[in-house]
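Only one structure is covered here, and it is reproduced in the block below.
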């Protein structure tokens, strides 16, 4: 198949540090190339890929176009326009830019698959309800239920190449918070839990300008046992996972998936997370971690965390959220869509 993969250009593919969508696009693209497909990746010019690479803009927007990189819609549209202008060259287009692409996709004959990587906002629900030509893939069953009017074709869990992630059956006695410092990610809850238990909390997370108000409020709490080490690369992140007592994931929003959950478990690190969104689908409660309702339950479960087998965490993550399983499912829906089109 001739397949276009359209990545967001906020981060390069693969990302140097933060960037969950771009990591998924990378492993999907590389595996499809390995399987013999003719893949073109539309991504920032600093991206790295074995596929054919088309770059409408020379570098990722974050860190290169000022602070307001999420607001650079014009440059994102440049990337999308370049891809859809070439639509006749492809059997199928796989777009990872969410609702931003739906109106354009209505105007091309090439079938389009759009993976919904984030939560459905009320505005997004309206757009997905009105533009239904594209085939929508959700990344959890919870996410699918949030937008019943979308043209849903499949739910496919994210998968990564985690076989080489470091594993440890022991820990160094610290709690870990990974990701982004924002209100919805619930860092304040993690700090409260660590302080209540008198345990060290390492915060490996980026601070965006968009979350500056929250960051300034919480920054004075980074002292004593609460250590913020900033944004880290994948190697360092996984090392931290492998030696943590557990990863705390106290989100205050309807989490559609959560890549750090599967990465933590792949390193043998149990996860304790609030019962929000897709969390119960990703974590096996009492087996690979705990799903809790509040800070008090989270603190109590930290005390029970060594009842969780770190080896079982790793096995579960590698069996259920590996890249080959994810790509098998995408390849299958590509073929189904093209078969339906040929029957018309």
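The values are calculated or read from the model by the stated rules, or taken from the named source; none is laboratory data. None of the values given here were measured: they were computed from a predicted structure. Counting neighbours? That spans all protein chains shown, and the Cβs are built from the backbone with ideal geometry, glycine included.
Give region 214-231 a look and list any residue that's in contact with a helix residue (DSSP H, G or I) (Cβ under 9 Å, 6 or more places away or on another chain) and either at pLDDT below 95 or on the phi > 0 side of the Ramachandran plot (or both), or say none. 224, the sole residue that qualifies. Taking strands (runs of 3 or more DSSP E) as the structural unit, no element lying wholly within region 196-257 holds at least 2 residues that are over 23 Å from residue 62 (Cα atoms), free of Cβ contacts under 8 Å to residues at least 12 places away in the same chain and not assigned by TED's automatic domain parsing to the domain that holds residue 273.
In summary, residue 2 fulfils each of the numbered conditions (1) at negative phi; (2) crowded, with 16+ Cβ neighbours inside 10 Å with the single exception of condition (2). Kindly indicate whether any position in region 289-311 is at pLDDT 95 or above and closer than 16 Å to residue 156 by Cβ. No, because not a single residue in region 289-311 is at pLDDT 95 or above and closer than 16 Å to residue 156 by Cβ. Remark: pairs (first residue in region 110-128, not assigned by TED's automatic domain parsing to the domain that holds residue 276; second residue buried (at least 19 other Cβ atoms within 10 Å of the Cβ) and part of a helix (DSSP H, G or I); Cβ separation under 6 Å; 6+ apart in sequence or on different chains) = 112/105; 117/21; 124/99; 127/99; 127/102.
On the given criteria, is residue 315 assigned by TED's automatic domain parsing to the domain that holds residue 277 and under 23 Å from the mean Cα position of the chain (by Cα)? It is true that residue 315 is assigned by TED's automatic domain parsing to the domain that holds residue 277 and under 23 Å from the mean Cα position of the chain (by Cα).
Quick grid of which residues meet (1) at pLDDT below 95; (2) under 22 Å from the mean Cα position of the chain (by Cα); (3) under 13 Å from residue 9 (Cβ atoms):
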site	(1), (2), (3)
39	no, yes, no
48	no, yes, no
54	no, no, yes
62	yes, yes, yes
65	yes, no, yes
80	no, yes, yes
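Do we find a residue being surrounded by 14 or more Cβ atoms within 10 Å (Cβ to Cβ), in contact (Cβ under 8 Å) with a residue 40 or more places away in the chain and either in a strand (DSSP E or B) or assigned by TED's automatic domain parsing to the domain that holds residue 204 (or both) anywhere in region 94-108? The answer is yes, given that some residue of region 94-108 is surrounded by 14 or more Cβ atoms within 10 Å (Cβ to Cβ), in contact (Cβ under 8 Å) with a residue 40 or more places away in the chain and either in a strand (DSSP E or B) or assigned by TED's automatic domain parsing to the domain that holds residue 204 (or both).
Within region 233-274, the set of residues being at pLDDT below 95 and more than 21 Å from residue 322 (Cβ to Cβ) comprises 233, 252, 253, 254.
Matching residues to (1) assigned by TED's automatic domain parsing to the domain that holds residue 25; (2) touching a helix residue (DSSP H, G or I) at 6+ places or on another chain (Cβ under 8 Å); (3) under 27 Å from residue 187 (Cα atoms):
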position: 287; (1), (2), (3): no, yes, yes
position: 301; (1), (2), (3): no, no, yes
position: 304; (1), (2), (3): no, no, yes
position: 310; (1), (2), (3): no, no, yes
position: 329; (1), (2), (3): yes, no, no
position: 338; (1), (2), (3): yes, no, no
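Take the conditions touching a helix residue (DSSP H, G or I) at 6+ places or on another chain (Cβ under 7 Å), farther than 30 Å from residue 301 by Cα and crowded, with 23+ Cβ neighbours inside 10 Å and apply them to residue 155. Does it pass? Criteria not met by residue 155.
Here is a yes/no grid of residues against (1) assigned to a loop (DSSP other than H, G, I, E, B); (2) modelled with pLDDT under 95; (3) closer than 30 Å to residue 243 by Cα:
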site: 128; (1), (2), (3): no, no, no
site: 137; (1), (2), (3): no, no, no
site: 143; (1), (2), (3): no, no, no
site: 150; (1), (2), (3): yes, no, no
site: 154; (1), (2), (3): no, no, no
site: 164; (1), (2), (3): yes, yes, yes
site: 168; (1), (2), (3): yes, no, yes
site: 172; (1), (2), (3): yes, no, yes
site: 178; (1), (2), (3): no, no, yes
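Checked against (1) at positive phi; (2) crowded, with 19+ Cβ neighbours inside 10 Å, residue 298 passes all but condition (1). Anything in region 232-252 that is within 18 Å of the chain's Cα centre (by Cα) and crowded, with 19+ Cβ neighbours inside 10 Å? List them, or say none. The answer is 237, 238, 241, 247, 248, 249, 250, 251. Would you confirm whether or not region 2-16 contains a residue that is out of contact with any helix residue (DSSP H, G or I) (no Cβ under 9 Å at 6 or more places or on another chain) and either outside any loop (DSSP other than H, G, I, E, B) or not assigned by TED's automatic domain parsing to the domain that holds residue 211 (or both)? Checked against the condition, which is being out of contact with any helix residue (DSSP H, G or I) (no Cβ under 9 Å at 6 or more places or on another chain) and either outside any loop (DSSP other than H, G, I, E, B) or not assigned by TED's automatic domain parsing to the domain that holds residue 211 (or both), region 2-16 yields no hits at all.
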